[in-house]
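A.B. asks: Next up is a structure, given as structure tokens.
Values in this text are rule-based calculations from the coordinates and carry no lab data. Here the structure is a predicted model, which is why all the values come from computation and not from measurement. Note that each Cβ is placed from the backbone with ideal geometry, even for glycine, and that neighbours are counted across all protein chains shown.
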Amino acid sequence: MRLLVIGGAGYIGSVVATRLLAAGHEVVVLDDLSTGHVDAVPAGALFVPGNLAATGQLERLLAGQVDAVLHFAARSLVGESTVHPELYWANNVGGTRALLQAMLAAGVTRLVFSSSSATYGQPESVPITEEAPTRPTSPYGNTKLAADLMIGDLARAHGLNAVSLRYFNAAGALGGAGERHQPETHLIPNLLEVAAGRAGSVQVFGRDYPTSDGTCVRDYIHVDDLASAHLLALDATAGDAPSGRHRIYNLGNGQGFSVLEVIEAARRVTGRAIPLEDAPRRPGDPAILVASGQRIREELGWVPARPGIDQMVADAWEFTKSHPPA
Ligand code: UDP
């Protein structure tokens, strides 16, 4: 198939693009490099600089025989979203609306969308199923939920076949594709920066949560397993599937690790001390976020190949060592 991967220079988009190429697809990457890196675009993909605001360019790309779209491009920092929500609504919702409009105009009906566990907010119970209430606790989560709702409405009205994948905590790396956010806010890359000697210590955001060791529990998923789910989701949007469908799947291993457990894994894997510093809770952080992966396992046959936290940290560590900051 000929696939348009929007945001394919970013962390998850570049890993999925790599896997799509390996599966024999033709890949066009559209990315404005606002947070991505041109060297993350896999060799073999056609790179087109640009974003969803340039609707003319988008329409021309879609008119070029695109079979399906995978949409990763989004602003994704919870903290920033509380300070500049307008940027999140413009990019995450406005950009997705522009994409849907252009897809309808070009007659492209298949979409895989990057949604987030942030659509659920503070869960009433774990593991979190797709039926759980959606009450986001940040503008970021609001925009991901709004985009999901918009995709569902347009899918039903116009016969689109769409899948939203609600990621829990992506981790690890695949070869040359890994996590390089600027600024970096995520736990594992922050730990590995300290392990690599590029930062002095890692802050632990809160030790008074109602969890076994007082730190937050998250469901980490290897980015390569996440990519496998995208390939299955893409198949699920195929023409013989019923038209006008929007399916939502949570994407996590169903196993939680506390911040301190991840720190122990990073110390084990790197053999480095990794000094810690206690810090206040980060606003908006729920105590426990763990996915139920039952629906995607049952309906799409997704089976994670690398659920171990040490493997995720080890792959991320290889990437960190080979990618010193610019
Ligand atoms: N965290 C931390 N120190 C850091 C970064 C994150 O203690 O330097 C905690 C954070 O409060 C959360 C967990 O680690 O409980 C995972 O955070 P991350 O930002 O990686 O992902 P999120 O769950 O926010 O998507």
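A.B. asks: Could you work out the relative contact order of the chain? I mean the mean sequence separation of Cα pairs under 8 Å and 6+ apart, divided by the number of residues, in percent. Please report the intermediate quantities before stating the final value.
C.D. replies: On the way: 669 pairs, mean separation 61.2, N = 326.
Relative contact order for the chain comes out at 19 percent.
A.B. asks: Separate question: With no solvent and one point on each alpha carbon, what is the Debye value of log10 I(q)/I(0) for region 248-291 at q = 0.21, 0.25, 0.29, 0.32 Å⁻¹?
C.D. replies: Taken in order of the listed q values, log10 I(q)/I(0) reads -0.90, -1.01, -1.07, -1.12.
A.B. asks: Also: Can you list residues whose amide H is under 5 Å from S164's amide H, if they're 5+ apart or on another chain and H is modeled 1.01 Å from N?
C.D. replies: When sequence neighbours closer than 5 places are left aside, the close amide H contacts are F113, R247, I248, Y249.
A.B. asks: In addition: Going by average Cβ density within 10 Å per residue, which order do the peptides 64-76, 287-299 take, highest to lowest? Provide the component values of the computation, followed by the final result.
C.D. replies: Numbers: 64-76: 21.7, 287-299: 19.0.
Descending mean neighbour count gives 64-76, 287-299.
A.B. asks: In 10 Å bins starting at zero, report the fraction of Cα pairs in region 10-158 per bin as a rounded %.
C.D. replies: Histogram of Cα-Cα distances, whole percents per bin: 11, 37, 37, 15, 1.
A.B. asks: Another one. Taking the Kirkwood radius as the inverse of the mean 1/r across Cα pairs, report the Rg/Rh of region 261-320. Can you show the working numbers first?
C.D. replies: Values: Rg = 15.6 Å, Rh = 14.5 Å.
With Rh from the inverse mean 1/r over Cα pairs, Rg/Rh is 1.08.
A.B. asks: Next question, about the same structure. Taking the Cα atoms of region 146-241 alone, what are Rg (to one decimal) and Dmax (as a whole number) in Å?
C.D. replies: Radius of gyration, then largest Cα-Cα span, for region 146-241: 18.5, 55 Å.
A.B. asks: So, in Å, what gap is there between the alpha-carbon centers of region 268-326 and region 1-41?
C.D. replies: What the calculation gives is 22 Å, centre to centre.
A.B. asks: So how far, in whole Å, is the C-alpha centre of region 89-113 from the one of region 135-152?
C.D. replies: A separation of 15 Å, based on Cα centres.
A.B. asks: Next up: Per the Debye formula with a single identical scatterer at each Cα and no solvent contribution, what log10 I(q)/I(0) holds for region 217-288 at q = 0.13, 0.22, 0.26 Å⁻¹?
C.D. replies: These q points yield log10 I(q)/I(0) values of -0.62, -1.09, -1.22.
A.B. asks: For the chain, what ratio Rg/Rh do Cα atoms give with a Kirkwood hydrodynamic radius? Let's see the in-between values first.
C.D. replies: On the way: Rg = 18.9 Å, Rh = 19.9 Å.
We get a ratio of 0.95 for the chain.
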